[in-house]
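The values are calculated or read from the model by the stated rules, or taken from the named source; none is laboratory data. Keep in mind it's a predicted model, so treat the numbers as computed, not measured. Don't worry about glycine lacking a Cβ; one is built from the backbone with ideal geometry, like all the others, and counts go over all protein chains shown. We work out accessible area using only protein heavy atoms, side chains counted, and drop any ligands, DNA or RNA first. Shrake-Rupley method; radii C 1.70, N 1.55, O 1.52, S 1.80 Å.
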Amino acid sequence: MPEHVESSPFTKSSWALLLGFIGYACRLAVTVILTHHLSLELYGDFTVAWRTLVFVSLMLTFGSAISARRFVSDYVLAKDQRKQSGFTLWIFGLLRRSTIRLVIAYALFWFMTNILHIIDIRWIEKYHLAVFVVILAPVLSVFSIICSYILSHGYGLLSAFLNSVVFYGAQLFVIVVFFSVLVPDSITHLSYLLFFTVFFLLMISAVIALSIPDMDILKTLLAPRRKRFYDREWIDDAEAAYLNEIVFRMTFTLNLYLLEIFSPLESHVGILSVCETWAGVISLVLVCVNLQSISGVHLLGHLTKPFYAQMQRHLDLFNVFKLLLSLGFALFTWYYRELILVFFNIHDTRAGILLPWVIFNAYLGDNRYQFTLLMSKHEAHFVQNTQIASIILLLVVGTILVIPYGMFGVTTATTLSRVLSKIVLTYRCRQLSPMRFNLIG
C-alpha cells in the first residue's frame with residue numbers, strides 16, 4: 001500500500017520504530033568497530049568531528065531544510081510547480097552563498113596556519129580533526145535538504161529510512177570497507193574516512209531522490225534562470241526553525257566540547273561518547289512512545305471533558321511506561337556494566353557509573369509533550385530562553401567541574417541543566433493547561 005494512503009498512524013510509528021532500531025544497531029556496530037581499532041582519544045576526536053559536521057551543516061542552511069517540510073509540502077499538495085521551483089532555487093542559493101563563505105574562511109585559516117608552520121610557531125598536526133573536515137559540511141547539508149524534500153513529497157517512512165538506516169548504515173559500510181584496507185592511526189586517515197562517508201551518504205540520497213517522481217530538484221537547478229517566485233515568509237520561518245534547532249543541538253553536544261577543550265584526560269571524550277551511544281536506545285524508544293499521543297497534545301484546547309480525561313489517562317500511562325523502561329534499562333546496565341564496557345573495549349572501571357547516569361540524563365531530556373504544547377500556544381520564545389538558560393548553566397557548571405572531575409563533572413552539569421529545563425517547562429505548561437505532562441506535575 002502506498003504510504004500516501006496508509007490509514008494507520010500506529011502502523012507508521014511501528015515501522016519508524018523498526019527503522020530506528022536498525023539505525024541504532026548500525027550506530028552500535030560503528031562504535032564497537034571504532035573503539036576496538038582506535039584509541040579512545042582518536043575515537044573521541046572522530047565523534048567530535050562528526051558532530052561538528054552535523055552542526056555546521058545545519059548552520060549553512062540557516063534552518064531552510066527544516067522549513068522545507070512545511071512549504072514544499074504545501075506546494076506539492078497544491079501542485080504549484082512555480083512556488084516549489086522558487087523555493088528549491090532559494091534554498092540551494094542560500095546554501096551556495098554560505099558554502100562560499102565557509103570555503104573562504106577555511107582557505108584563510110589554512111593560509112595563516114601554513115605561514116605559522118613555516119616560522120615554526122605551531123605544527124599543523126596539532127589541530128583537531130574537526131578543523132580538517134569541516135569543509136565537508138555542505139555535503140551533509142545537501143543530504144539533509146534531500147531528506148526534507150522526500151518527507152515533503154509524502155514519503156515519511158522513506159525519509160525516516162534515510163535519517164536512520166542509511167545515515168548510520170552508510171557509516172558502517174564505509175568503515176568496514178575502509179578498515180579492510182587500512183586501519184586508521186592518525187587524524188589524516190580519519191579525515192579520509194569521514195570524506196568517503198559523507199560522499200557515500202550524498203550518493204545514496206541522490207539516487208533515491210532521482211527515483212521519486214515529481215521531485216525535480218536537479219531539473220530545477222539546471223533549468224534556465226527566469227524570474228522566479230520568492231516569499232519573504234521563507235526566511236522568517238527558517239530563522240525561527242534555525243534558532244530552535246541550533247539551541248536544541250547545543251544542549252546535547254556542548255558536554256563533549258567541554259571535555260574536548262578542558263579535560264586533562266582526552267580518553268574521557270571517547271568514554272562519554274560510548275555511554276551516550278549506549279543510552280541512545282532509550283532516547284529512540286521515548287521518541288516513538290511520544291508519537292503515540294503527541295497529536296492529542298496539539299488539540300488540548302479543543303477537547304471535550306471526556307476526551308480530556310481520556311487524554312490525561314493516556315499521558316499518565318505513557319509516562320509510567322517511560323519511567324519504568326528507563327529504570328529497568330538503567331538497572332540492567334548497572335548490573336552488566338563491566339561486560340558492556342569490555343564490549344566497547346573500555347577498561348576504566350570508573351566509567352561504570354556513567355552508563356546508568358547517562359540513561360537518566362536521556363530520560364530527563366525527554367520534554368516532547370511540553371515542547372509541543374508550548375509551541376502550539378505560541379511560546380517559542382519562552383522555549384528558546386529556557387533552553388538558552390540550560391545551556392548557560394551547563395557551560396558555567398561544566399567549565400568549573402570539568403578540570404577536577406573530567407567526564408563526571410560534565411555529566412553532573414548536564415544533569416543540572418536538564419533538571420532546570422524540565423522544571424521550568426513543566427511549570428509553564430501548568431500555567432497554560434491543567435494537564436499533567438509528567439507523573440509529578
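Name the shape class, rounded, prolate or oblate, that the alpha-carbon gyration tensor gives for segment 52-110, where a ≥ b ≥ c are the square roots of its eigenvalues, rounded holds for a/c under 1.5, and otherwise prolate holds if a/b is larger than b/c and oblate otherwise.
Oblate is the answer for segment 52-110, as a/c is 1.5 or above yet b/c matches or exceeds a/b.
Given a 1.4 Å probe, how much area per residue of the chain is accessible, in Å²?
49
Only helices at least 27 Å long along their axis, Cα-based, and averaging -1.0 or more on Kyte-Doolittle count here, so list those DSSP H runs from the chain.
In the chain, the long hydrophobic H runs are 9-37, 40-61, 81-118, 187-210, 232-262, 267-291, 305-335, 380-405, 407-432.
Cα convex hull of segment 170-210: how many Å³ per residue? Each step should come with its number before you reach the end.
Details: hull volume 2.1 nm³, N = 41.
Here the figure is 51 Å³ per residue.
When the chain is fully extended, how far beyond the present Cα-Cα distance does Arg313 get from Arg436, taking 0.36 nm per residue of separation?
Gain on stretching Arg313 to Arg436: 43.3 nm.
If you take the charge dipole of the chain about its Cα centre, with +1 on Lys and Arg Cβ and -1 on Asp and Glu Cβ, which of Ile66, Gly86, Val131 is farthest toward its positive end?
Result: Gly86, furthest along the dipole toward the positive end.
On a C-alpha basis, how far is the centre of segment 382-409 from the centre of segment 50-118 in Å? Whole number, if you could?
What the calculation gives is 29 Å, centre to centre.
State whether segment 299-385 is rounded, prolate or oblate according to the following rule on the C-alpha gyration tensor (a ≥ b ≥ c being the square roots of its eigenvalues): a/c under 1.5 gives rounded; otherwise a/b larger than b/c gives prolate, and the remaining case gives oblate.
Values: a/c = 5.59, a/b = 2.13, b/c = 2.62.
Oblate shape, in that a/c is at least 1.5 and b/c is the bigger or equal ratio.
Over 5 Å intervals from 0, what percent of Cα-Cα pairs in segment 89-217 sits in each interval?
With 5 Å bins starting at 0, P(r) equals 2, 9, 16, 16, 17, 14, 12, 7, 4, 2, 1, 0.
Using 1/(1 + (r/R0)^6) with R0 = 60 angstrom and r between the beta carbons of Arg101 and Val320, what's the FRET efficiency to the nearest 0.05?
0.75
For the chain, what is the Kirkwood hydrodynamic radius in Å, using each pair of distinct C-alpha atoms?
Roughly 23.5 Å, rounded to one decimal.
Express in % the proportion of alpha carbon pairs of segment 11-73 at distances exceeding 18 Å.
Beyond 18 Å sits 62 percent of the P(r) for segment 11-73.
Give me the percent of Cα-Cα pairs in segment 330-441 that sit more than 17 Å apart, rounded to a whole number. If you can, show how the numbers build up before the last one.
Details: 3830 of 6216 pairs.
Result: 62 percent of Cα pairs exceed 17 Å.
When the accessible area of the chain is computed with all protein chains present and a 1.4 Å probe, what percentage of it is carbon and sulfur?
69
What is the spin-label model distance, in nm, from Asn114 to Phe21 if the labels are put 7 Å beyond Cα along the C-beta direction?
Going by the 7 Å Cα→Cβ label model, 5.2 nm.
Hey, with R₀ at 56 Å, roughly what FRET efficiency would Ile388 and Leu210 work out to, going by the Cβ-Cβ distance, to 0.05?
Working: r = 40 Å, r/R0 = 0.72.
Efficiency, from the Cβ-Cβ distance: 0.90.
In deg cm²/dmol and to the nearest 500, what is the mean residue ellipticity at 222 nm of the chain if only DSSP H runs of at least 4 residues count, each as -39500 (n - 2.57), divided by the residue total?
Counting only the DSSP helices, I get -26500 deg cm²/dmol.
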